[in-house]
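The values are calculated or read from the model by the stated rules, or taken from the named source; none is laboratory data. Just so you know, these numbers come straight off a predicted model, no measurement behind them. With ideal geometry, Cβ positions are generated from the backbone for all residues, glycine too; neighbour counts draw on all protein chains shown. SASA here: full protein model, heavy atoms, side chains in, ligands and nucleic acids out. Shrake-Rupley method; radii C 1.70, N 1.55, O 1.52, S 1.80 Å.
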Amino acid sequence: MTGRTEGPSGPLDVSTLEILAQRAATHPLCLDWEFRPDSISPRVLEIQLDDAQYPSFVTAVRVDVRWFVGGDYTVHYLEFRPNETWQCRWDRHPKPVGPREHFHPPPDASSDIASTPLESDHHLDILFELLEWVEDRIQTICE
Amino acid sequence: MSDRPGPPDATRQWDSDRTTFQRVYDLLVGTTEPASARQFAEWADCSENGARQALEQLVEMDIADSTGSRPALYRRNPSYFRWKRVETLAREHGANTLRARLEELISEDRKLQEKYDVPEPDAVVVADEPAENHDMLHDRWDDLTEWRTIRRDITILKRAIHRAESSKDGHVPSKT
């Protein structure tokens, strides 16, 4: 984002997370959302996706979003199966080496960082790109 | 994700569901660093004039801050969003519930002070050691962002408790 601070990340940005939750809720992929551990002092926004659009071995799908004042974030995609969780994560946070934006690839959100970040520069575009990525993911897994 | 023709479905839906004013508002909420009306117009896919009108209206409502420079730069007004959160907490939760949660936050804050042996998150010395592995850095980043969140929320909760107690039955009346 224009002029975005490159200093340490701020506290969790609850107002921005509320907007992300409300805009996600209008999308056909999204079933519900809630703040964890509670709405008084949230730590993460959990967005439940519609597992009916996935093959039957996927029992639940969730995206955990944390957005911080100043624009840093983590977006964590989790696909629950009987014996494992297929997952990956997009991050933007300070690092001494390498790009601030990076990707922890599936199937286990490995700490081997890949350089395919979400490319958008504001919160809603990141949500929209993520939803688009989920649509592609559903197509791939259903093939 | 970048070389696709036209915007993705979710963007198109947002464009058609929300008015220009609503889209500028959605964008303003996440904007903590000043940005120009031209930048907002680009994000909201509207005219620069349309973005400026929406932003000026949001400034009038005290929801946005303007630098008053040429060109003017806009960002959300942090005190408006703090006030809004205090009001929501006071309205949706009683003073007792908020007080119990405040105690938990104070205790979490104390644990982090002990773990890092400093009084506040900004006093934690972060060595820029490239040798440190990513997981370790990520864990510490988690702790520090959580600590900043706890600190901010302690202030917000104290104000919300005060607000709830200042009304007769411990609850702020619902919006009419």
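Observations
- Among the residues making up the range B:45-65, those that are open to solvent by 50 Å² or more (accessible area, probe 1.4 Å) and either closer than 20 Å to A:Leu124 by Cα or among the polar types (S, T, N, Q) (or both) are B:Asp45, B:Ser47, B:Glu48, B:Asn49, B:Arg52, B:Gln53, B:Gln57.
- Of all residue pairs spaced 6 or more apart or on separate chains, those with beta-carbon atoms under 9 Å, a first member in the range B:22-39 that is facing chain A (nearest Cβ under 7 Å) and within 12 Å of B:Ala51 (Cα to Cα) and a second member that is open to solvent by 10 Å² or more (accessible area, probe 1.4 Å) and assigned to a strand (DSSP E or B) are B:Ala35/B:Leu73; B:Ala35/B:Arg75; B:Gln39/B:Leu73.
- Taken residue by residue, the range A:104-124 has at least one member that is part of a helix (DSSP H, G or I), within 15 Å of the chain's Cα centre (by Cα) and not hydroxyl-bearing (Ser, Thr, Tyr).
- Residue match in the range B:24-44 (condition: farther than 29 Å from A:Gly7 by Cβ, out of contact with any strand residue (DSSP E or B) (no Cβ under 7 Å at 6 or more places or on another chain) and either open to solvent by 80 Å² or more (accessible area, probe 1.4 Å) or of a type outside the set (S, T, N, Q) (or both)): no
- Filtered residues of the range B:84-112 (kept if without any contact (Cβ under 8 Å) to a residue 24 or more places away in the chain and either charged (D, E, K, R) or loosely packed, with under 15 Cβ neighbours inside 10 Å (or both)): B:Lys84, B:Glu92, B:Ala100, B:Glu103, B:Glu104, B:Ser107, B:Arg110, B:Lys111
- In a residue-by-residue description of the range A:13-31, the property of being open to solvent by 50 Å² or more (accessible area, probe 1.4 Å) and more than 12 Å from every other protein chain (Cβ to nearest Cβ) applies to at least one position.
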